[in-house]
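The block underneath contains the structure these notes are about, expressed in structure tokens.
The values are calculated or read from the model by the stated rules, or taken from the named source; none is laboratory data. Predicted model only: the values in this text are computed from it and were never measured. Neighbour counts are summed over all protein chains in view; Cβ atoms, including those assigned to glycine, are modelled from backbone coordinates with ideal geometry. Side chains are part of the model used for accessible areas, which takes the heavy atoms of the whole protein and leaves out ligands, DNA and RNA. Shrake-Rupley method; radii C 1.70, N 1.55, O 1.52, S 1.80 Å.
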Amino acid sequence: MTIIDRQKRQTRPAILPAPVAGALRAIRSFIRRVASFGIEGYPPEIQRRLKIVNVFSSLVVVTTCIYAIQLWASGNKEMMPVVYINLALAFLVALVPFMHRINELAGGLLLVFAEFVALIGFTSFFGRLGGAPLQYVVAAAAPFVIFEARRFWLILSIVFAALVLHLIAWFQFPMEAVQLKDDDPIISSLYIQGAVTTFGLIAACVYYAFDLFERAKAETESVLRNVLPDSVVERLKASPGETIADGFSEASVLFADITGFVSMARGLGPEKTVALLNRLVSAFDELAERHGVEKIKTIGDAYMVASGVPVPRKDHAHALAAMALDIVLAVKEVSAAENVPLNVRIGMASGPMMAGIIGKNKFSYDVWGDPVNLASRLEQSSVPGRIAICPSCYAALSDAFAIEPRGVIEIKGVGPQESWFLLGRIATSGATVSPSSAASTRA
């Protein structure tokens, strides 16, 4: 099966009869309403936990009512006390969603109290082999889901209470002392039900805990990969305390600054300004991914990108030069699409540099070295729509790119420095492919 076939198979909707599909939609809608009852006004994290409490409570209400109806329909009058216990349990647990209006703990505490008392009542009728005492074991896992692990002492108290009640139920209600004496098949059936319920609930709690952990881990890793290079993320995962600092004998760095943006932003307002800048930066990010170079950071309306770090590559200058030409083109396209006067100045330099992670809370991956300072100065001395490059870049790019001499210019902090303007790629025919001609070709 090809990838396209698999995608078609995954996206093909399941065909269900209309009544069945309608019933499923109604059930899902009802479950969502039940899960969301009484949780308004709480933060999203608390709402997620309270939804679980509501769904769990609903299941308890439904199962206990069904069990009560079955016992009542059996016609055995000796079972009526158990019927009443089930109805009382269902009534109390049905109040759990309403208890959220008091505070975030009230519903969970009512659920725990009702279950603990009801289990003692069931054990008094069916004995310790009836399966009810076994369900206290669920309290070793469920409180972590209902109340969250940060409430350690509350959870510890509930777990301890469940242990004590389990021991009391086991030793206080041996089979010869129970109020209702039944034959072995019924007792065995009750024990099986209790065992299935206990194992199911514990498995559900553990699954939920691991699911939350995996989702949190995936979200954290996603954020890390948006901030740091993939290879650096892998190194951090392998050695969390490791200091990330590397030296590179050859790499390239580029600074791009949107010209006219500051003055134009004054008349656009915050929302339009951010939207426009986001469109530009998103386009640059796509170009960085396409050319296999590493975005370092944005500084206002300036964009910094490096090639050959953190993974060395021989064609670092060529890859970054190709991106620089595409940046010029992208800015022109956005300018035309938004009908705003935008242009870009670009400076690019190559040479040895260092890179690593800095910071503790809002850390970042950054690069340092003479090429970084030179690229910044070249960008500042460049002109709108042009790409200024250093001698090292010229030596690396002259065989594949058209380059125009700029002469010697004074670079702040560097002194007199010869530089060039990058014009475009050299096509196989020998003609120069400039950003503007590339745009007309694409159109």
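Couple of notes before you dig in:
- Considering the range 348-379, and only residues there that are in contact (Cβ under 8 Å) with a residue 60 or more places away in the chain and open to solvent by 60 Å² or more (accessible area, probe 1.4 Å), the residue that is nearest to LYS412 (Cα to Cα) turns out to be PRO352.
- Among residues that are outside any strand (DSSP E or B), touching a strand residue (DSSP E or B) at 6+ places or on another chain (Cβ under 6 Å), open to solvent by less than 40 Å² (accessible area, probe 1.4 Å) and at negative phi, ALA306 is not included.
- For beta carbons closer than 9 Å, sequence separation of 6+ or different chains, a first residue in the range 102-119 that is at positive phi and a second that is in a helix (DSSP H, G or I), there are no qualifying pairs.
- Some residue of the range 62-81 being at pLDDT below 90, outside any helix (DSSP H, G or I) and under 24 Å from ARG151 (Cβ atoms): no
- Near pairs, Cβ below 9 angstrom, 6+ apart or cross-chain, from the range 276-302 (small (Gly, Ala, Ser)) to any residue that is open to solvent by 50 Å² or more (accessible area, probe 1.4 Å): ALA283/GLU333; ALA288/LYS295; GLY292/VAL311; GLY292/ARG313; GLY300/VAL262
- Scanning the range 155-170 for residues that are open to solvent by less than 50 Å² (accessible area, probe 1.4 Å) and more than 10 Å from ALA139 (Cβ to Cβ) gives a single hit, ALA169.
- Residues (exposed (fewer than 12 other Cβ atoms within 10 Å of the Cβ), modelled with pLDDT of 75 or more and hydroxyl-bearing (Ser, Thr, Tyr)) located in the range 6-42: SER29
- For the range 246-257, filtered to residues that are out of contact with any Ser or Thr (no Cβ under 9 Å at 6 or more places or on another chain) and open to solvent by 30 Å² or more (accessible area, probe 1.4 Å), the residue that is modelled with the lowest pLDDT is ASP246.
- Test result for PHE213, assigned to a helix (DSSP H, G or I), aromatic (Phe, Trp, Tyr) and open to solvent by 70 Å² or more (accessible area, probe 1.4 Å): yes
- When the range 223-245 is filtered for residues that are of a type outside the set (A, V, I, L, M) and either at positive phi or open to solvent by 40 Å² or more (accessible area, probe 1.4 Å) (or both), the ones remaining, listed by number, are ARG225, ASN226, ASP230, SER231, GLU234, ARG235, LYS237, SER239, PRO240, GLY241, GLU242, THR243.
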